[in-house]
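Each remark here refers to the structure printed beneath this line.
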Amino acid sequence: MFIGLLLVFNALLPIISYEIFTSGNFQRIDLLSPVGQGVVAGSSTEKTENTPIDYTKPANWFVGLPRVSQETTAQIKYYNLSIPRLGIKDAVVEIDGEDLKKSLIHFKGTAVPGRPGNTVVFGHSTLPQLFKPDNYISIFSTLSTLKKGDVIKVNYDGINYTYKVEDMFEVKPTEVEVMDQMYDDSYISLITCVPPGTYLRRLVVRGRLVPPGGNR
């Protein structure tokens, strides 16, 4: 019984700690979400109460998928992403992938790195004590510990890009607008589930491209 209680406490402590000490640092944005309009097959709205939702598939992370206006026409299928502060180095990102157990996933139709628009990347998370920077099930478990000004590095088609974190906020699974495209600059949005080990909300870490040889 003691061991069972210890395991429960070990699992609940990061969730409680996140809600008390971390979540309050992030703005919770309530967007006008078009729920029920043009829901894409495979999204969580099609799951029945008796069917468990597979959250290793990015299509199940939001209620209905957005209509993106930019097509990913490049022949590149994979690229690499690093977050020095978290010890993540050359993580594989698959464009239009379907299995978060094998890689990070670039949401198809969002901008490719370095181009004007919003590059959207999904990453799985679990309890932070299980975090391993080379394990895609836990790779974004400590994403909430990033700070504004931290860097996200991307190597796409042999070109290195550096993004600086400008904003971090939480949204509900219905608020697909976080994947909208913004063409005034080049952005990257890293998305994972929070609190740690749950799928209640989505944390969005948004960075802006640093011009070559320049500061922002």
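Tabulated data for the structure shown
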| read-out | value |
| --- | --- |
| Identity of the residue in segment 70-102, at pLDDT 95 or above and polar (S, T, N, Q), that ends up nearest to residue 126 (Cα to Cα) | 82 |
| Residue in segment 190-213 that is over 18 Å from residue 22 (Cα atoms) and hydroxyl-bearing (Ser, Thr, Tyr) present | no |
| Selection from segment 190-216 of residues that are under 11 Å from residue 120 (Cα atoms) and either in a loop (DSSP other than H, G, I, E, B) or touching an Asp or Glu at 6+ places or on another chain (Cβ under 9 Å) (or both) | 204, 205, 206, 207 |
| Residue in segment 103-114 that is at pLDDT 90 or above, more than 16 Å from the chain's Cα centre (by Cα), farther than 22 Å from residue 183 by Cβ and not small (Gly, Ala, Ser) present | no |
| Qualifying residue in segment 117-133 (condition: farther than 23 Å from residue 161 by Cα, of a type in the set (D, E, K, R) and part of a loop (DSSP other than H, G, I, E, B)) | yes |
| Residue count for segment 159-174, restricted to those that are modelled with pLDDT of 95 or more and either of a type in the set (Ser, Thr, Tyr) or touching a Cys at 6+ places or on another chain (Cβ under 9 Å) (or both) | 3 |
| Options 153, 164; residue that is closer than 18 Å to residue 93 by Cβ and among the basic types (Lys, Arg) | 153 |
| Residue match in segment 115-135 (condition: small (Gly, Ala, Ser) and under 19 Å from residue 60 (Cβ atoms)) | yes |
| Any pair with Cβ under 6 angstrom, 6 or more apart, that starts in segment 176-190 at a residue that is more than 8 Å from residue 117 (Cα to Cα) and ends at one that is among the charged types (D, E, K, R) | 189/206 |
| Out of 152, 139, sole residue that is touching a His at 6+ places or on another chain (Cβ under 8 Å) and either crowded, with 17+ Cβ neighbours inside 10 Å or not in a loop (DSSP other than H, G, I, E, B) (or both) | 139 |
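Rundown of residues vs (1) buried (at least 17 other Cβ atoms within 10 Å of the Cβ); (2) out of contact with any Ser or Thr (no Cβ under 7 Å at 6 or more places or on another chain), yes/no style:
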{"site": "131", "(1), (2)": "yes, no"}
{"site": "146", "(1), (2)": "yes, yes"}
{"site": "160", "(1), (2)": "no, yes"}
{"site": "184", "(1), (2)": "no, yes"}
{"site": "194", "(1), (2)": "yes, no"}
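The values are calculated or read from the model by the stated rules, or taken from the named source; none is laboratory data. Here the structure is a predicted model, which is why all the values come from computation and not from measurement. Cβ atoms come from the backbone with ideal geometry, glycine included; neighbour counts cover every protein chain shown.
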